[in-house]
Amino acid sequence: SEASVRTESQGQVVGVYRSLGDSVTAGTIIAEMENASQRAVVLQAEAGVDAANASLSKVTGGTRVEQRAILAAALTSAESGAVNALLTGYAAIESAVRGTADSMFSNPDTEHPTFNITTTNSQAKINLESERAYLTQVIEVASEKSTSISVESDLPAELNAAEINVRRVRSFLDTLIQALDAAVSSQNVSDTQIAVYRAESSATRSSITAALSGLSIARSSLITAQKNLEVGIAGGQSEDVATAEASVK
């Protein structure tokens, strides 16, 4: 009996290992075709598997020791930056209220402070006196924090709390500027002095805004540094590991 024998692809025959009339079993190689391109494809596939396994090992194994040291140093720097931003914020609060605003008040640290400048904006005057009474507590907290804050503190929480208080002081200054815009001279306060107060209040507001920006930047830097170090120690996130495993598969 006869059977037609054909190769799955065309190519040049580079070796014949059996002669006509030989008896062969299934799987016996009787001839070999040129296969450099097929071998190259196999090598490329093997290299792809090796690369995928290397990526998986990198994701699950975390970063190298020296890289972790760099990430840890970045976190330490971010923590120091956060402490400095907090100290700046605390100082800005006290300077804005006691250094600038209180010169326009009588009994500023009591429950009933009095805004001494005559203004046609009566609501601004009411709001200023009410808010100044509250800010005494804010200043006391800022003063206490400025002596106790450190890199060991819960810095994200401290940054959030400080940002709230700084924003409140800025709002207080906005109201103060509104009252000064509507101020009228009196026997005790001249137009010139009112203009000086207005300029000082505007400059102080700029300082408060800068402190607020510093707190926001410090918080963002701290969160980024913390997450980078966590990933460096624990390796990739679950979705990163799943992606790497799928690449291997």
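Pull out a ≥ b ≥ c, the square roots of the eigenvalues of the alpha-carbon gyration tensor of segment 97-157, then state rounded if a/c is under 1.5, prolate if not and a/b is larger than b/c, and oblate in the remaining case.
prolate
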Report relative contact order for segment 96-220 in percent, whole number only (criteria: Cα-Cα under 8 Å, sequence separation at least 6).
33 percent
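Per residue, how many Å² of accessible area does segment 23-115 show with a 1.4 Å probe?
For segment 23-115, the solvent-accessible area averages 60 Å² per residue.
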Accessible surface of the chain, 1.4 Å probe, proportion on carbon and sulfur as whole %
52 percent
Can you tell me, using C-alpha contacts under 8 Å and at least 6 residues apart, the relative contact order of segment 2-110 as a whole percent?
16 percent
Given backbone amide H placed at 1.01 Å from N, residues whose amide H is under 5 Å from that of residue 119, ignoring those fewer than 5 places away on the same chain, are 184
Which of the lysines could a cross-linker span from residue 227 if the Cα-Cα distance has to be under 16 Å and same-chain partners fewer than 8 positions apart are dropped?
none
Less than 18 Å from a label point 7 Å out along the Cα-to-Cβ axis of residue 184: which backbone N atoms in segment 117-133 qualify, by residue?
117-126
Can you give the convex hull volume per residue for the Cα atoms of segment 69-109, as a whole number of Å³?
37 Å³
Burial-style ranking of 47-57, 220-230, 15-25, average other-beta-carbon count within 10 Å with highest first, yields 220-230, 47-57, 15-25
Calculated log₁₀ intensity ratio I(q)/I(0) where the Debye formula runs over C-alpha points of segment 1-144, q = 0.10 Å⁻¹:
-0.71
I'd like to compare 117-128, 86-97: which one has the highest average count of other Cβ atoms within 10 Å, and what's the full order after that?
86-97, 117-128
For helix 238-248, report the angle its Cα long axis makes with the longest principal axis of the Cα atoms of the chain; keep it between 0 and 90° and round to the nearest 10°.
20 degrees
Computed [θ] at 222 nm, helices only, for the chain once each DSSP H run of length n ≥ 4 contributes -39500 (n - 2.57):
-23500 deg cm²/dmol
Rounded to the nearest 20 debye, dipole of the chain from Cβ charges on Lys, Arg, Asp, Glu:
320 debye
FRET efficiency for residue 147 and residue 242, Cβ-Cβ distance as r, R0 = 45 Å, nearest 0.05?
0.40
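Whenever you get a sec, line up 58, 249 from highest to lowest accessible area (probe 1.4 Å, protein heavy atoms).
Per-residue accessible area, sorted high to low, gives 249, 58.
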Quick one: which residues, 5+ away or cross-chain, put their amide H under 5 Å from the amide H of residue 105? H built at 1.01 Å from N.
116
For the chain: relative contact order, % (alpha-carbon pairs under 8 angstrom, 6 or more apart):
31 percent
Amide H to amide H under 5 Å from residue 33: which residues, 5+ apart in sequence or cross-chain, H placed 1.01 Å off N in plane?
14
Compute the long axis of helix 155-181 from its Cα atoms, compare it with the longest principal axis of the Cα atoms of the chain, and write down the angle in degrees, 0 to 90, nearest 10.
40 degrees
For log10 I(q)/I(0) by the Debye sum over Cα atoms at q = 0.14, 0.17 Å⁻¹, one of (i) -0.96, -1.32; (ii) -0.95, -1.17; (iii) -0.99, -1.46 was computed from the structure I shared and the rest are decoys. Which label?
(ii)
Longest principal axis of the chain (C-alpha) makes with the long axis of helix 36-61 (C-alpha) an angle, in degrees to the nearest 10, of 30 degrees
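The values are calculated or read from the model by the stated rules, or taken from the named source; none is laboratory data. These numbers come from a predicted model, not from an experiment. Glycine gets a Cβ as well: all are built from the backbone with ideal geometry, and neighbour counts include every protein chain shown. All accessible areas refer to the heavy atoms of the entire protein, side chains included, with ligands and DNA or RNA removed. Shrake-Rupley method; radii C 1.70, N 1.55, O 1.52, S 1.80 Å.
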